[in-house]
Amino acid sequence: MLLSRRNAIKTAVAGAAGLAAMGMMPLASAAAGKKVVIVGGGIGGATAAKYLRIYDKTIEVTLIEPNVDYYTCFMSNEVIVGERKMSSIKFGYAGLKAHGVNVVHDLVTDIDAVGKAVKTKGGQSYAFDRCIVSPGVDFKYDAVPGHSEEAANTTCLHAWKAGPQTEALKKQLEDMSDGGTVVIIAPPDPFRCPPGPYERASLISAYLKKNKPNSKVLMLDPKDKFSKQGLFIDGWTRYYGYGTEGAMLKWIGGDKGGKVTKVDTATKTVTYEGGTITADVLNIIPPQKAGKIAVTAGLVDDKGWCPVNHKTFESTLKAGIHVIGDASVAAPMPKSGYAANSEAKVCAAAVFAALSGRDMAEPSWVNTCYSVIKPGDAISVANVYALKDGKIVSVEGSGGVSGKFDPEMRKREEMYAHSWFNNITSDVFN
Amino acid sequence: MKKTKLNPLHGLLGAVIVSGMLASTAAQAEITQRGAMLANTCVGCHGTNGVSTGPAIPTIAGISKAYFTDNMKSYRDGSRPSTVMGRLAKAYTDQDISDMADYFSAMKYVPQAQAAKADMVAKGQKLHTKYCEKCHSENGSNPADDAGYLKGQWKPYLEYNLYDFTHDVREAPEKMAKKLKELQTAEGADAIANLIEFYASK
């Protein structure tokens, strides 16, 4: 584009003035003045808000989010082990406000699909033409027998939503004496960030190897298989003695007795099908479901997630309400930050198209997820998705995970992981 | 636009109005285009509008259409080595690649100011003029050369690619391979590092 943005605006203003002078209506968008309310200011919601305003500045976008600051889940494993500062995963909403998004810090308590209004704890009501809900995940604490929300917030942390729990788990690891045992209980599918628990086990092992080398990490998993499994196990074998007697890191899958049957949160004792262990640090990542507001608003199916039209992300249960991010059923796309960002842009395009009477382009999505096995050695999974017969599919013959171990390439992947973090957070919040 | 009753002044005014309308609706029309839809999926890694905030993923805004197209196709057929790009590029048709090339070539390149050692930059500049400027004109910032942006590009990306070009990992065009050999033979072990330092400086 040869015109600078400033000149383009000047030209546009001159053009509009010319039209007015001739008594003609300026070319107004059919979506002008239409209202979109976005519930949840995480990766999905914030991206949708920003991109709707980019697509059409005449749409009134209100984003409602209880927290003033957002902490990204991605890269929070690096914070837990001291590789990254908490401040580097903290983001605010000034950038969205600069795009003309009306940012409201309040908690949405109800979404009325018929009356087309969102109600908040603060007693406000926001009318909408379209509503986009990006509620993230909620935890099924009692699905782990003996566990509770109270224990999850005090002793047996999840640290699966970044924030105070991230720092609290970091402190538990720092306070643990050398020779201690960290037990991580992985969740069943589907859950937020499929490779995340395994990256956490990797990075905690790296931290312990360096700082408390007599310690152990045990992962108990109800699943037989997990994301990037071959690459993780290859890395664990290389760095943490995986598979040997006295290995620092051990993973027990569901078919080998890894399913947990009971926890005693007071003593941090875990009973699983293959035995019993008492942990010094017990990190329970509970089974998950769509965030609470999705349930209240009647957007979830009997499995606890939100079914949507894959082209528009409009709920198949409530017309006019779209659901994006971790809460939506968008498989084969994973529940990841990149996926939420990608889904949000497609959803915003669908909402813009619906409000303006235009056609949307054929949708396309990408997900790229990096995991660090050890500082200096990162792996990735990358996929492109298309719409086929109304369903999201991974494009045949493309995508997949990193190649076999090559130190130079793995260093680059870590640099690219950190670049990805900078670029996606800027794309969402700036 | 009907011209029948307009005098020349009206015609001029009409032209201004039309261009204004085009400018004001450009952003609105954009997302209805496949190029913008596809580009939206790239910028999660490459930065909004293709301007990367670094430290390693390259900026692709302002890239030459031919260079973008050639490279996506060589990622797709595996002739250009990569970590992630090869896996992604396999998903796209020639038309997809052409649409993305249209989009990113229309964006504005933003050079990145990175810390650089002045003495190395000065040496690198001389090497650039002697060995590279002919094909990478304007210090490697002229998209008309159909080559990648060098000046103000992210330093690790420059390092990776010069490493690959000089270690038989990525195949350089014939003339470039010859120049790189000459450069390394005649200018010593630090030549590549000095060259990179120059490009990484603003």
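Every number in this text was worked out from the coordinates using simple rules, so none of it is lab data. Owing to the predicted nature of the structure, the values given are computational and were not obtained by experimental measurement. Heads up, the Cβs are rebuilt from the backbone with ideal geometry, glycines too, and the neighbour counts pull from every protein chain shown.
For segment A:298-307, just list the computed ³J(HN,Hα) in residue order, Karplus coefficients 6.51, -1.76 and 1.60, θ = phi - 60°, integers in Hz, with x standing in for Gly and Pro.
Result, ordered by residue: x, 9, 9, 8, 5, 8, x, 10, 9, x Hz.
Would you give the gap between the C-alpha center of segment A:157-192 and the C-alpha center of segment A:305-362, rounded to a whole Å?
Distance between centres, Cα-based: 32 Å.
Report, for the protein assembly as shown, the % of DSSP beta bridges that are antiparallel, rounded to 5.
Numbers: 38 of 68 bridges.
Counting DSSP beta bridges with both partners in the protein assembly as shown, the antiparallel share is about 55 percent.
First measure r as the distance between the Cβ atoms of A:Lys225 and A:Lys90, then evaluate 1/(1 + (r/R0)^6) with R0 = 30 Å and state the FRET efficiency to the nearest 0.05.
Working: r = 34 Å, r/R0 = 1.14.
With R0 = 30 Å, the Cβ-Cβ based efficiency is 0.30.
Given Cα pairs under 8 Å that are at least 6 residues apart, what percent is the relative contact order of segment B:118-200? The partial results should precede the final answer.
Values: 83 pairs, mean separation 39.9, N = 83.
For segment B:118-200, the relative contact order is 48 percent.
Over segment A:384-430, consider all pairs of different Cα atoms and compute the Kirkwood hydrodynamic radius from their mean reciprocal separation; express it in Å, one decimal. The partial results should precede the final answer.
On the way: mean 1/r = 0.0747 Å⁻¹.
Roughly 13.4 Å, rounded to one decimal.
Inside 10 Å of the C-beta atoms of B:79-90, what's the mean count of C-beta atoms belonging to other chains? Could the numbers behind the result be given before it?
On the way: counts 0, 0, 2, 3, 17, 11, 2, 4, 12, 9, 2, 7.
Going residue by residue through B:79-90 and averaging, the value is 6.
Rg (Å, one decimal) plus Dmax (Å, integer) for the alpha carbons of segment B:118-200?
11.6, 31
Taking each pair of different alpha-carbon atoms in segment B:74-114 once, compute 1/r for the pair, average those values, and report the inverse of that mean as the Kirkwood hydrodynamic radius in Å to one decimal. All intermediate terms of the calculation are to be shown ahead of the outcome.
Numbers: mean 1/r = 0.0845 Å⁻¹.
After inverting the pairwise mean of 1/r, the radius is 11.8 Å.
Against the globular-protein guess of 2.2 N^0.38 Å, express the Cα radius of gyration of segment A:158-290 as a ratio, rounded to two decimals. Walk me through the numbers on the way to the answer.
Working: Rg = 13.8 Å, N = 133, 2.2 N^0.38 = 14.1 Å.
For segment A:158-290, the normalised Cα radius of gyration is 0.98.
Assuming 0.36 nm per residue, please report the length gained on full extension of the stretch A:Lys119 to A:Lys303 beyond their Cα-Cα distance. Don't jump to the answer; show the numbers that get you there.
Values: separation 184, 0.36 × 184 = 66.24 nm, distance 2.55 nm.
The A:Lys119-A:Lys303 span can extend by a further 63.7 nm.
Could you tell me how many degrees, from 0 to 90 and to the nearest 10, lie between the Cα long axis of helix A:196-211 and the main elongation axis, the longest principal axis, of the Cα atoms of chain A?
On a 0 to 90 degree scale, this one is about 50.
As a test of the formula, what do you get for the protein assembly as shown when each DSSP H run with n ≥ 4 contributes -39,500 (n - 2.57) and the sum is divided by the residue count, at 222 nm and rounded to the nearest 500 deg cm²/dmol?
Details: 21 runs with 249 residues, N = 632.
Helix contribution divided over all residues of the protein assembly as shown: -12000 deg cm²/dmol.
Could you tell me the extents of chain B's C-alpha atoms along the three principal axes, largest first, rounded to whole Å?
73, 39, 30
More than 38 Å apart: what percent of Cα pairs in the protein assembly as shown qualify?
Details: 78042 of 199396 pairs.
Of all Cα-Cα pairs in the protein assembly as shown, 39 percent lie more than 38 Å apart.
What percent does the relative contact order of chain B come to when contacts are Cα pairs within less than 8 Å and at least six residues apart?
Values: 253 pairs, mean separation 47.0, N = 202.
Computed value for chain B: 23 percent relative contact order.
I'd like the mean, over residues of A:358-365, of how many other protein chain beta carbons sit within 10 Å of each residue's own Cβ.
Numbers: counts 4, 1, 3, 11, 4, 5, 11, 3.
Across the residues of A:358-365, the mean count of other-chain Cβ atoms within 10 Å is 5.
At a Förster radius of 56 Å, what calculated FRET efficiency corresponds to the Cβ-Cβ distance of A:Asn102 and B:Ala186, to the nearest 0.05?
Values: r = 62 Å, r/R0 = 1.11.
The computed FRET efficiency comes out at 0.35.
For chain A, what relative contact order do you get, as a whole percent, if you take Cα pairs closer than 8 Å and at least 6 residues apart? Numbers along the way, then the final one.
Numbers: 897 pairs, mean separation 73.7, N = 430.
Relative contact order of chain A: 17 percent.
Quick one: length gained pulling A:Thr296 to A:Ala30 fully straight, 0.36 nm per residue minus the C-alpha distance? Can you show the working numbers first?
On the way: separation 266, 0.36 × 266 = 95.76 nm, distance 3.21 nm.
Taking 0.36 nm per residue and subtracting the Cα distance, the gain is 92.5 nm.
On C-alpha positions alone, give me the angle between the axis of helix A:407-429 and the longest principal axis of chain A, in degrees, nearest 10.
On a 0 to 90 degree scale, this one is about 40.
Take the alpha carbon atoms of segment B:112-162, find their center, do the same for segment A:228-243, and report the distance between the two centers in whole angstrom.
39 Å
Search the structure for amide H atoms under 5 Å from the amide H of A:Ile38, placed 1.01 Å from N in the peptide plane, and list their residues when 5 or more places away or on another chain.
Close amide H contacts, sequence-distant or interchain: A:Thr62, A:Leu63, A:Ile64, A:Ile132.
Using square roots of five times the C-alpha gyration tensor eigenvalues, list the equivalent-ellipsoid semi-axes of segment B:28-105 in whole Å, biggest first.
Values: eigenvalues 69, 49, 24 Å².
Listed largest to smallest, the semi-axes of segment B:28-105 are 19, 16, 11 Å.
With a bin width of 10 angstrom, please list the P(r) values of segment A:90-155 as percents of all Cα-Cα pairs, from the 0 bin to the one holding the largest distance.
15, 31, 30, 20, 3
Can you tell me which of B:Val43, B:Val84, B:Val121 moves the most in a GNM of chain B? Springs connect C-alpha atoms under 10 Å apart.
B:Val84
On C-alpha positions alone, give me the angle between the axis of helix A:337-356 and the longest principal axis of chain A, in degrees, nearest 10.
20 degrees
Once fully extended, how much extra length lies between A:Leu387 and A:Lys171, figured as 0.36 nm per residue of separation less the alpha-carbon to alpha-carbon distance?
Details: separation 216, 0.36 × 216 = 77.76 nm, distance 4.47 nm.
Extra length from A:Leu387 to A:Lys171 when fully extended: 73.3 nm.
Would you please give the residues with an amide H less than 5 Å from that of A:Ser402, counting only those at least 5 places away or on a separate chain, with H modeled from the backbone geometry?
A:Ser380
Pick from A:Ser336, A:Ser88, A:Ser398 the residue whose mean-square fluctuation is largest in a GNM of chain A, springs joining Cα atoms under 10 Å.
It is A:Ser398.
In whole Hz, with x marking every Gly and Pro, tabulate ³J(HN,Hα) for segment A:323-335 from phi via Karplus 6.51 cos²θ - 1.76 cosθ + 1.60, θ = phi - 60°.
Values per residue, Gly and Pro as x: 10, 10, x, 3, 6, 7, 8, 10, 3, x, 5, x, 8 Hz.
Looking at chain B as a GNM with Cα springs under 10 Å, which of B:Ile57, B:Ile31, B:Ile192 has the largest mean-square fluctuation?
Sorting by GNM fluctuation, first place goes to B:Ile31.
Could you give me the ³J(HN,Hα) list for segment A:126-142, computed from phi with Karplus coefficients 6.51, -1.76, 1.60 and θ = phi - 60°, whole Hz, x at Gly and Pro?
Each residue of segment A:126-142 in turn: 10, 6, 9, 8, 9, 10, 10, 10, 10, x, x, 10, 10, 9, 9, 4, 6 Hz.
Scan around B:Arg170 for amide H atoms under 5 Å from its own, H built in the peptide plane at 1.01 Å from N, and keep only partners 5 or more places away or cross-chain.
B:Phe165
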